[in-house]
Amino acid sequence: MPKILILFYSRTGNTEKMAKAVAEGASTVQGIEVELVYHAPPETLSYYDAILVGAPTYHHDLTIDIKRLFEEAAEKGIKLEGKIGAAFGSYGWSGEAPRLVLEIMKSKFEMNVSEPQLLVKYTPDQAALEKCRELGKRVAERLIHTA
Ligand SMILES: Cc1cc2nc3c(=O)[nH]c(=O)nc-3n(C[C@H](O)[C@H](O)[C@H](O)COP(=O)(O)O)c2cc1C
């Protein structure tokens, strides 16, 4: 069964709300295993067919956990080539983090990224949560069709 990992970091809960909605959307598609986690050891990444990362922007950058995850995965030679990747996150004014995630996925890991990133200013409202659900559903449907 195709597997989706939704991995997020969130300090004040906004990206967490987005991540939960992405997982809800992905779970509406039959025949997909969806896992929502706050932390994943780098070795586990290769187990999934799609990796969706929820990354809030702090100081115009990714938070250290997400940076470290990708750095460790690269050091350990974890192969993610061809897997589907997507990124989303809450932000306040500049919102660089999800784009940085997509860059790493593309350039370092040769993943097949779904663009553009999904950005939500501060706390997601109902319309933003719906966009998150759509993102999860879209990736899940893409996996079903390529499985
Ligand atoms: C110390 C600090 C630094 C921040 N730096 C940025 C920034 O550089 N760019 C930006 O768009 N938002 C910035 N923000 C706003 C956060 O991205 C925003 O509050 C977001 O909703 C946090 O998501 P989270 O609740 O998932 O942690 C910053 C917030 C704090 C508290």
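None of the figures in this text is laboratory data; all of them are computed from the coordinates on show. All values reported here derive from a predicted model rather than from experimental measurement. With ideal geometry, Cβ positions are generated from the backbone for all residues, glycine too; neighbour counts draw on all protein chains shown.
Using θ = phi - 60° and the Karplus relation 6.51 cos²θ - 1.76 cosθ + 1.60, list the HN-Hα couplings for region 5-11 in order, rounded to whole Hz, with x at every Gly or Pro.
Result, ordered by residue: 9, 10, 10, 9, 10, 7, 8 Hz.
How about region 54-147: which GluC sites (Glu not before Pro) there are in a DSSP loop, with at most 16 other Cβ atoms within 10 Å of their Cβ?
Glu81, Glu110
With 10 angstrom as the radius, rank Met105, Met18, Met1 by how many other C-beta atoms surround their C-beta, starting from the fewest.
Met1, Met105, Met18
Please work out how much length the chain gains when fully extended from Ser107 to Ser46, using 0.36 nm per residue of separation minus the C-alpha to C-alpha distance, in nm with one decimal.
20.3 nm
Amide H of Lys83 versus every other amide H placed in the peptide plane: which residues, excluding those fewer than 5 positions away on the same chain, fall under 5 Å?
Answer set, sorted by chain and number: Asn112.
Go from 0 up to the bin containing the longest alpha carbon distance in the chain, width 10 Å each, and give me the % of pairs per bin.
Reading upward from the zero bin: 13, 47, 34, 5.
What ranking of Ile84, Ile4, Ile78 emerges when the number of other C-beta atoms within 10 Å of each C-beta is taken as an exposure proxy, fewest first?
Details: Ile84 22, Ile4 25, Ile78 16.
Fewest-to-most Cβ neighbours within 10 Å comes out as Ile78, Ile84, Ile4.
Once phi is turned into θ = phi - 60°, what whole-Hz ³J(HN,Hα) does the Karplus curve with 6.51, -1.76 and 1.60 give for every residue of region 109-114, x standing for Gly and Pro?
10, 6, 7, 9, 8, 9
Can you compute the modelled spin-label distance between Ala74 and Ala127, with each label point 7 Å from Cα toward Cβ, in nm?
So the two model labels end up 3.7 nm from each other.
Can you list the residues, at least 5 places off or on another chain, whose amide H is less than 5 Å from the amide H of Phe109, using H built in the peptide plane?
Correct list: empty.
Using the count of nearby Cβ atoms within 10 Å as a rough guide to exposure, how do Phe8, Phe88 rank from fewest to most?
By the 10 Å Cβ count, ascending, the order reads Phe8, Phe88.
Around Thr63, which amide H atoms from residues at least 5 apart in sequence, or from another chain, sit under 5 Å from its own amide H, with H modelled in the peptide plane?
Tyr58
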